[in-house]
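J.: Below you will find the structure I want to go over with you.
The values are calculated or read from the model by the stated rules, or taken from the named source; none is laboratory data. Quick caveat: nothing in here was measured; it's all calculated off a predicted structure. Cβ placement follows ideal geometry from the backbone for every residue including glycine, while neighbour counts extend to all protein chains displayed. SASA here: full protein model, heavy atoms, side chains in, ligands and nucleic acids out. Shrake-Rupley method; radii C 1.70, N 1.55, O 1.52, S 1.80 Å.
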Amino acid sequence: MHAAPFTPDYDVIIAGCGPTGAMLAAELRLHDVRVLVLDKETEPTSFVRIVGLHIRSLELLAMRGLLDRVAEHGRRRPAGAYFAAIDKPAPADVDSAHAYLLGIPQPVIVQLLEEHAIALGAQVRHGATVTACEQDDDGVTVELADGERLRTRYLVGCDGGRSTVRGLLGVGFPGEPSRTETLMGELEVGVPAEEVAARVAEIRETDQRFFVGPAGVGVYRVIIPAVGVGDRTKPPTIEDFRQHLRAVAGTDFGVHSPRWLSRFGDATRLADRYRVGRVLLAGDAAHIHPPIGGQGLNLGVQDAFNLGWKLAAQIRGWAPEPLLDTYQAERRPVAEDVLDNTRAQMALSSAEPGARAARRLLGELMDFDVVNRHLLEKITAIGVRYDFGPGPDLLGRRMRDTDVKSGRLYDLLHRGRGLLLDRTERLSAGGWSDRVDHLGDATAALDAPCVLLRPDGHVAWIGDDQQDLDDHLTRWFGEPTG
């Protein structure tokens, strides 16, 4: 391919319209970035897998005014029992106004986020597959399967674990291949509930990877370790479930009428780089891991939230020079931590005596509030702290939703702008008023004189000195105007 003269059709093209791609498109549109999302699928997925939105993802949805709409389609579940499914309740007083798990069908959350992006002005094209890309100093030429070529300033691969964009970039994806496989689905059973519960309790004394339990009226969640069930790119059949239930439990429980059926392996991989020039990676294109702990979709949505405002700033022309590179610097270590904790959870789920002993010991340790709290904050991502340099513990952490004089804090972040919370009423963000909002007399609950929030809700500065504030406004939001 030879690069054409730079006449961009779009500011950003996103490959993949899953939760990560759709959320990224919406975030870019908040800043009037011209976005096209390309998705190879022409129809929604044929199986309905239930996913869990963890606390941090619920907070992000609240920041954009989406949570109420999404929650209508989900089911709240108590926080807790996340880490390796060790049955411990959440610690008291979790530091969030949204301290629960929201179970929701994956096609529904994808549809809601796609509709949100379109409502903001994003273009979405289904049945369009990226086959090649070439970048130059000005932009990227993207070629589709039908031969069409499009020019864009940036390309972002949100196209899953088998990412075409990552392959075209030649970015390494080191890690461990899948060595075990698990079937997961929701089905009805044909035997009494007492019989199911008794057999499951017996098996789970030695194999924590096996589970059959109620998931609604007349429906059971079924999780079975399996081998040799065929093509991993396709959902399993109900006969696969019956076969492996009989192998593990000695009975298939008369399963029938599946709501959805899926499979997953334990492959664990992390991209060497998240950015190559004008092409970036996010979501499963950048990292894959087993779904134990339910972090995958959440991690991708959080990637999109981190990247969106930074890429928009680059395109709008006010981004400080290193801003876009902070996307990899901040998000790749978070993914490394998720990969490590899923490795640990998978090891703890083994039926081997050593793993079972370690699981019992960890269960005892989780009776200590500090341990239980640490693991919950890790899984739900509310414990993430980006390295912004020395300062109070709150620096680099996300700010929880709280009351402010005009309502709730997260309501002030709907537009995806920065926010100065000023209890002194002496400071100003005037030179950055096109990028940063200012709230005086912010909140009595704020344990600091003034706080500067980034558009993703992370604390970028704490203090009460105007010159120091100006320096940090310039660091995150570029040079002042006017």
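J.: If you roll a 1.4 Å probe over the heavy atoms of the protein chains, what accessible area per residue do you get for region 336-419, in Å²?
T.: On the way: 4180 Å² over 84 residues.
Value for region 336-419: 50 Å² per residue.
J.: Identify, among 219, 192, 173, the residue whose Cα sits farthest towards the positive end of the charge dipole of region 166-270, taking +1 on the Cβ of Lys and Arg and -1 on the Cβ of Asp and Glu, with the dipole about the Cα centre.
T.: The one lying farthest along the dipole's positive direction is 173.
J.: Follow-up question, since we're still on this one. With every protein chain left in place, what is the accessible area per residue of region 233-273 in square angstrom, probe 1.4 Å? Can you show the working numbers first?
T.: Working: 1820 Å² over 41 residues.
Per-residue accessible area for region 233-273 comes out at 44 Å².
J.: Would you mind telling me the share, in percent, of accessible area of region 174-223 contributed by carbon and sulfur at probe 1.4 angstrom?
T.: 57
J.: Evaluate 2.2 N^0.38 Å with N set to the residue count of region 1-120, then give the Cα radius of gyration divided by it.
T.: 1.30
J.: Is there a quick way to get the dipole size of region 375-482? I mean about its Cα centre, with the Cβ of Lys and Arg at +1 and of Asp and Glu at -1; what is the value in debye to the nearest 20?
T.: 420
J.: What is the gain in length, in nm to one decimal, between residue 351 and residue 237 on full extension, counting 0.36 nm per residue of separation less the C-alpha to C-alpha distance?
T.: Details: separation 114, 0.36 × 114 = 41.04 nm, distance 2.55 nm.
Extending this stretch completely gives an extra 38.5 nm.
J.: Taking the Cα centre as origin and putting +1 on Lys and Arg beta-carbons and -1 on Asp and Glu beta-carbons, what dipole magnitude results for the chain, to the nearest 20 debye?
T.: 800
J.: Further question: Ignoring ligands, DNA and RNA, what accessible area per residue does region 10-83 give at 1.4 Å, in Å²?
T.: Ligands and nucleic acids excluded, the figure is 37 Å² per residue.
J.: Now, a different point. Helix-only mean residue ellipticity at 222 nm, the chain, DSSP H runs n ≥ 4 weighted -39,500 (n - 2.57), per residue, nearest 500. What is it?
T.: Details: 12 runs with 149 residues, N = 482.
The per-residue figure over the chain is -9500 deg cm²/dmol.
J.: Stretched out fully, how many nm does the piece from residue 325 to residue 115 gain, at 0.36 nm a residue minus the Cα gap? Please report the intermediate quantities before stating the final value.
T.: Numbers: separation 210, 0.36 × 210 = 75.60 nm, distance 2.93 nm.
Extra length from residue 325 to residue 115 when fully extended: 72.7 nm.
J.: Which of the listed residues, 440, 122, 257, is farthest toward the dipole's positive end in the chain, when Lys, Arg count +1 and Asp, Glu count -1 at the beta-carbon?
T.: My answer, from the dipole projection, is 257.
J.: Could you give me D for region 185-270, from Stokes-Einstein at 10 °C and 1.306 mPa s, where the hydrodynamic radius is the Kirkwood radius over C-alpha pairs? Units µm² s⁻¹, please.
T.: 119
J.: Which of the lysines could be linked to residue 40 by a straight reach, that is with a Cα gap under 18 Å, when you skip same-chain ones fewer than 8 residues away?
T.: Result set, ordered by chain and number: 234.
J.: Apply the Kirkwood formula to the chain: the hydrodynamic radius equals the inverse of the mean of 1/r over all pairs of different alpha-carbon atoms; give it in Å with one decimal.
T.: 23.8
J.: On the full set of protein chains, 1.4 Å probe, figure out the accessible area of residue 164 and give it in Å² to the nearest 10.
T.: The accessible area comes out at roughly 60 Å².
J.: Going from most exposed to least, what order do 31, 54, 438 have by accessible area with a 1.4 Å probe?
T.: The most accessible residue leads, giving 438, 31, 54.
J.: Tell me which lysines have Cα within less than 30 Å of residue 405's Cα, excluding those fewer than 8 residues away on the same chain?
T.: 310
J.: Now for a different question. Taking GluC sites (Glu not before Pro) that fall in a DSSP loop and have at most 16 other Cβ atoms within 10 Å as cut points, what is the longest piece of the chain between them?
T.: 206-424
J.: Over what distance in Å are the Cα centres of region 251-268 and region 24-90 separated?
T.: Here the answer is 22 Å between Cα centres.
J.: State the antiparallel share, in %, of DSSP beta bridges confined to the chain, rounding to the nearest 5.
T.: 70
J.: Okay, moving on. Quote to one decimal, in nm, the extra length available between residue 340 and residue 41 on full extension: 0.36 nm per residue of separation minus the C-alpha distance between them.
T.: Working it through step by step, the gained length comes to 104.5 nm.
J.: To continue, here is another question. Taking only C-alpha pairs under 8 Å that are 6+ residues apart, what is the relative contact order of the chain in percent?
T.: Values: 939 pairs, mean separation 84.8, N = 482.
Reported relative contact order: 18 percent.
J.: What list of ³J(HN,Hα) values in whole Hz, one per residue of region 288-293 in order, does the Karplus curve 6.51 cos²θ - 1.76 cosθ + 1.60 (θ = phi - 60°) give from phi, with Gly and Pro shown as x?
T.: 9, 6, x, x, 4, x
J.: Distance in nm between label sites at residue 197 and residue 138, each 7 Å beyond Cα in the beta-carbon direction?
T.: A separation of 7.0 nm, rounded to one decimal place.
J.: Something else about it: Counting only the heavy atoms of the protein chains, how much of residue 50 is accessible to a 1.4 Å probe, in Å² to the nearest 10?
T.: Estimated to the nearest 10 Å², residue 50 gives 40 Å².
J.: Under 5 Å between amide hydrogens, which residues at least 5 positions from residue 461 or on another chain qualify, with H placed 1.01 Å from N in the peptide plane?
T.: When sequence neighbours closer than 5 places are left aside, the close amide H contacts are 452.
J.: Separate question: Please give every one of the lysines within straight-line cross-link reach of residue 88, meaning a C-alpha to C-alpha distance under 20 Å, and leave out same-chain neighbours fewer than 8 residues apart.
T.: Those lysines meeting the cut-off are 378.
J.: What is the spread of the Cα atoms of region 386-482 along each of their three principal axes, largest first, in whole Å?
T.: So the three principal-axis extents are 31, 29, 24 Å.
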